[in-house]
Amino acid sequence: MRRAQRAYQRHRYLGNGFRVIPQRIRVVAALAITFGCGAVQVSAGLSGSSPLVSNETPVTVPLWSRESIRRPTPPPTTTAAPVVSTTTVQQPTLSELVDRYFEPSDRAWALRVAFCESSAQPGDISSVAHHSGSGASGWFQHLPKFWVERSTAAGVAGVDIMEPETNVLVASWLLYETPQKKGHWNESKHCWG
């Protein structure tokens, strides 16, 4: 039998409907009862030893009914293991996002602009680039004073300026949907041009 089952079966019951539980597991038992767990099973498993072998002063805890004293329900013999996901969500890199939002003929240019504006590398998955004077942010150094208007027009209203995919999407929108085209990044043209 499992250790918790043996401890459960060895628990002593008093004739007045109370169960004897050592002081050291009183809090665990109270929490287990509060959350609907089997108090004896949880407390025995966490205490590290049999609840009956203790030098501590026992505390009595009332039971739900006298029937449970006479016929305690044994714990289940098999339990399902918790499902733990080991899959992590892979964030797309700058290069992958540029491939997604820019035409093939403009992809090399977009990566050069991102490098010139924020020192971005194609394998980066995020940017912390922020200009303290103008507030320009992200890979393509979007200005906060224009962000709400431009992100709304690009169809991504309410998204943070530092969100990587949105930063690239709005840059492609500026290139393809506005009259300025590449002129939005004229300040760094000496680097990418």
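Observations on the model:
- Note on Thr88 and Asp160: with the Förster distance fixed at 22 Å, the Cβ-Cβ geometry gives a FRET efficiency of about 0.50.
- Residues whose amide H falls under 5 Å from that of Gln141, counting only those 5 or more places apart or on a different chain, are absent, with hydrogens built in the peptide plane.
Computed from the coordinates by the stated procedures, all read-outs in this text should not be read as laboratory data. The shown structure was predicted, so the numbers you read here are calculated from the model rather than taken from an experiment. Cβ coordinates were reconstructed from backbone atoms using ideal geometry, including for glycine residues, and neighbour counts include every protein chain displayed.
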